[in-house]
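See below for the structure under consideration.
The values are calculated or read from the model by the stated rules, or taken from the named source; none is laboratory data. What you see is a predicted model; the values in this text were computed from it and never measured. Cβ: placed from backbone, ideal geometry, glycine included. Neighbour counts: every protein chain shown.
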Ligand SMILES: NC(=O)c1ccc[n+]([C@@H]2O[C@H](COP(=O)([O-])OP(=O)(O)OC[C@H]3O[C@@H](n4cnc5c(N)ncnc54)[C@H](OP(=O)(O)O)[C@@H]3O)[C@@H](O)[C@H]2O)c1
């Protein structure tokens, strides 16, 4: 049994979701809020076959909080405000719909909910620092950072590669296409790799800049804050080479930025649970630096979802063809084509809610009891046709080897140095 945290009632989570105005980001906000309407948040519990767990526990820390704040961090503030309005309406309808279920379980009360929109452009360092400054002035702590926003710089299709991939790996061509041509070498107004900054480094800056807010949350609640990194099925180690850490030369900056999330996630979490489970490598032991004041990192991916991420097929006839293709994939048994952003959001919301033992070092807390929390796993959103969506825990295909660990620590060093340089010039 997981011991109860010291002050469950006083937790009052403050949740930051980037790219929350549409797509999966919006789905995450809605899905997270819907969990509050139910007696116990179903997404907190793993369901391997898509069905609801037979018995939901009567209690979860989320059901005992007094207030929940969701910060929708959006590049376009008008789009963010429209999204907020829609979100609040949908949530209010859910509250009414689920009132009976809650009262049956003897839980009438709902936490107070505050949904806030704030401008954030991850591709501009000063915007990230301004956002962090506002966050520190406004909230005493942050409980969750969901690194969701991204750009996909797809500009065309390489027909030769299409043929090769469909011939060599037909199934993979539908979930992780390697034939998309991407814009490369683009820099931001800060002079950094643009895709790298928007997808990965902007989030890394947020994570570093929230250190004190995470730590304040741990102190008041006795629980670790969480950083949820939104990856993809398609990211592979070969998409990232250490000598191109800003992803300016790679053919696939999008996948590279997603693989970097995986590296960083593993770097900061390696050993959290594994150190108690086994003693696989000396380095795992050395990097194991668990402390509740540090956030817990989780890696998720939403499956293939019909959103506006891919500019090649986000509108008109191309979007209709894509929707039809996604449906056909589901019809032929794919569980990776979650299609709907709300379904795609389940892995992120699971990562936000799954119980993390308050003190990982306590005897009996093993990786087998907490599969979602192991390092080098990706939590994947899955959905079969006519079934409820669910979360699968998959070991990342590549081993967390010494070379990947070195790649990760090199990347963290580069990012920390750059973060400090940018911070100093911003503070001047
Ligand atoms: N869709 C899929 O099939 C799929 C598959 C695997 C992984 N994912 C991942 O899921 C996440 C969400 O993608 P999605 O499909 O929901 O895409 P989406 O509909 O295009 O949403 C992307 C969001 O990111 C925001 N954004 C982009 N650049 C930004 C910046 N510089 N600063 C702040 N916000 C920025 C966008 O804001 P604007 O509205 O202002 O552009 C938008 O809100 C991404 O991390 C993506 O890599 C998606």
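Would a scan of region 299-311 turn up a residue that is at pLDDT below 85, within 12 Å of the ligand (Cβ to nearest atom) and in a helix (DSSP H, G or I)? Yes, because at least one residue in region 299-311 is at pLDDT below 85, within 12 Å of the ligand (Cβ to nearest atom) and in a helix (DSSP H, G or I). Residue selection: residue 164 fails the criterion of being surrounded by 19 or more Cβ atoms within 10 Å (Cβ to Cβ) and within 29 Å of residue 325 (Cβ to Cβ). Applying a threshold of 7 Å to beta carbon distances and a minimum spacing of six or more residues, or different chains, the list of pairs starting in region 14-30 at a residue that is under 11 Å from residue 115 (Cα atoms) and at pLDDT below 95 and ending at one that is within 6 Å of the ligand (Cβ to nearest atom) and part of a helix (DSSP H, G or I) is empty.
Considered as a group, the residues in region 150-169 that are within 16 Å of the ligand (Cβ to nearest atom) and assigned to a loop (DSSP other than H, G, I, E, B) include one that is farthest from residue 205 (Cα to Cα), and that residue is 153. The set of residues in region 130-149 being outside any strand (DSSP E or B), more than 13 Å from the ligand (Cβ to nearest atom) and crowded, with 17+ Cβ neighbours inside 10 Å consists of 132, 135, 139, 141, 142, 143. Here 239, 244 are screened, and the one residue that is surrounded by fewer than 22 Cβ atoms within 10 Å (Cβ to Cβ), modelled with pLDDT of 95 or more and within 25 Å of residue 376 (Cα to Cα) is 244. Within region 393-401, is even one residue crowded, with 19+ Cβ neighbours inside 10 Å, modelled with pLDDT of 85 or more, within 23 Å of residue 28 (Cα to Cα) and touching a strand residue (DSSP E or B) at 6+ places or on another chain (Cβ under 7 Å)? Within region 393-401 (the criterion being crowded, with 19+ Cβ neighbours inside 10 Å, modelled with pLDDT of 85 or more, within 23 Å of residue 28 (Cα to Cα) and touching a strand residue (DSSP E or B) at 6+ places or on another chain (Cβ under 7 Å)), the answer is no, since none of the residues qualifies.
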